[in-house]
1. Could you go through region 220-232 and let me know if any residue there is at pLDDT 95 or above and either under 29 Å from E370 (Cα atoms) or not in a helix (DSSP H, G or I) (or both).
2. Between N143, N123, which is modelled with pLDDT of 95 or more and in contact with a Gly (Cβ under 6 Å, 6 or more places away or on another chain)?
3. For region 46-66, which positions are touching a Leu at 6+ places or on another chain (Cβ under 8 Å) and surrounded by 18 or more Cβ atoms within 10 Å (Cβ to Cβ)?
4. Of the residues in region 335-394, how many are aromatic (F, W, Y) and buried (at least 21 other Cβ atoms within 10 Å of the Cβ)?
5. With (1) under 20 Å from I291 (Cβ atoms); (2) surrounded by 23 or more Cβ atoms within 10 Å (Cβ to Cβ); (3) touching a strand residue (DSSP E or B) at 6+ places or on another chain (Cβ under 8 Å) as the list, and N176 as the residue in question, which single condition is left unmet?
6. Hey, any hits in region 108-115 for a residue that's in contact with a strand residue (DSSP E or B) (Cβ under 9 Å, 6 or more places away or on another chain) and part of a strand (DSSP E or B)?
7. What are the residues in region 147-168 that are at negative phi and either surrounded by fewer than 24 Cβ atoms within 10 Å (Cβ to Cβ) or not in a helix (DSSP H, G or I) (or both), if any?
Amino acid sequence: MNGSDDAIAIAHAIRHGEVSAVSVTERVLDEIAQHDGRYNSFTTVTASRALQEAAAIDTARQRGESLPPLAGVPYAVKNLFDIAGLTTLAGAKINQGYPPAHTDAHLVTAMQRAGAVLLGALNMDEYAYGFTTENHHFGASRNPHDPSRSAGGSSGGSAAAVAAGFVPLTLGSDTNGSVRVPSSMCGLFGLKPTYGSLSLQGMFPFVHSFDHAGVFARSAADLSLCFEVLHGKPFTQSNALPARAARLGGYFEQGDDQSLAAVNAVCEALQVSKTVELPEVARARSAAYLITASEGGNRHLERLRTQGTDFDPLVFPRLVAGTLVPATWYVQAQRLRRWFFEQAMQLFADHDILIAPATPCCAQPLGQEEMDIQGHRMLLRPNMGMFTQPISFIGLPVVAVPVHLPGQLPIAVQLIGAPHQEANLLVVAHWLQQQSVCQAPVVRN
């Protein structure tokens, strides 16, 4: 048993003495050492800490103590989470000069209390500003389904580590789509919960208005359990499928044939025939861009002035542009945000779940600058999040579910809910996995 097994299965085996936490951890460390050179998912491996945490689990079991829900389960976190004793890189060369974190991030502490074993920190776009994890300082994270292609971003390392079978769970962050885009690229289940539902304490910030913590997994059940652990309490979950679902049309129909086919497959399985539209989605996305650029640029203003040459060249000009956004534009964008939220809530008066593509296409080759979507050439890096950004704009919970069409790379579909309705989304994701509509197989090394 190793990191390619599901988290629930690993915890069950350790709890019943079928395998030790230390042996699982040693196998995972060996897998990472042998194979992560292909994918570049980890920036730091915390081997000593992992073995100590695993040994503590084994000792507790030998004493007959009750073990926590994720006992001995290996996991890793995006390198913007504080890990005691390590410098929090946030994908940046500049941060390498900062002192190590004194304590773990709140969510890392929550995972430790649940018995999970921390294997290390994972690669990302610099300061979480990107959708491809082509990091000029630490190298690109590569997609385990095809190492010549992007793993998505900005949590690309988090997705690659799960898809490669190193660990069954990782934590990432999602500001404009940074969990859902890598989930789509790497064929994983991903959760972006309701804005504000998970603590951001000890996470290097990007955009206060949109930052979320999120989770990657290969099963909806693992995703659900991990969210309960991070949230700090179990949530009521019915076994009945929510009956009121609709497909988002209009703006969300701009993806390529594979993107649309994935949505069709999910809608057909759920017997969804109704299509609804959100008004002014393109304008909402533009407003999200303004807020992202403005808050991101303001946060890094002093670094931009004094250490400009140390920034990733893919990130520096975007942050500089953000410092030039007029305050009136920012205020108007925040006003539109409230209006757009109210429009979405009107849809949720009649529907429990809205279904939309996660990305306009599957993973593209590393270094590619443009993509062709329905005959239109568009810049790749900013537009991979064209379907996720409008949803982040109003903080709605989303579960990304992976669809593997015959002969195609994976791609994901968004299950979108009203605030704090994660349970509904996870029930549907679990059902789709049971029906084999949505699967997240390990890429064997």
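The values are calculated or read from the model by the stated rules, or taken from the named source; none is laboratory data. Remember, predicted model here, so these are calculated numbers, not experimental data. Virtual Cβ from ideal backbone geometry, glycine too; neighbours counted across all protein chains shown.
1. No, region 220-232 contains no residue that is at pLDDT 95 or above and either under 29 Å from E370 (Cα atoms) or not in a helix (DSSP H, G or I) (or both).
2. N123
3. Residues satisfying the conditions are T46, R49, A50, E53, I57, R61.
4. Residues flagged as aromatic (F, W, Y) and buried (at least 21 other Cβ atoms within 10 Å of the Cβ) within region 335-394 amount to 3.
5. Result: N176 fails condition (3) only.
6. No, region 108-115 contains no residue that is in contact with a strand residue (DSSP E or B) (Cβ under 9 Å, 6 or more places away or on another chain) and part of a strand (DSSP E or B).
7. Of everything in region 147-168, those that are at negative phi and either surrounded by fewer than 24 Cβ atoms within 10 Å (Cβ to Cβ) or not in a helix (DSSP H, G or I) (or both) turn out to be P147, S148, R149, S150, A151, G153, S154, S155, A164, F166, V167, P168.
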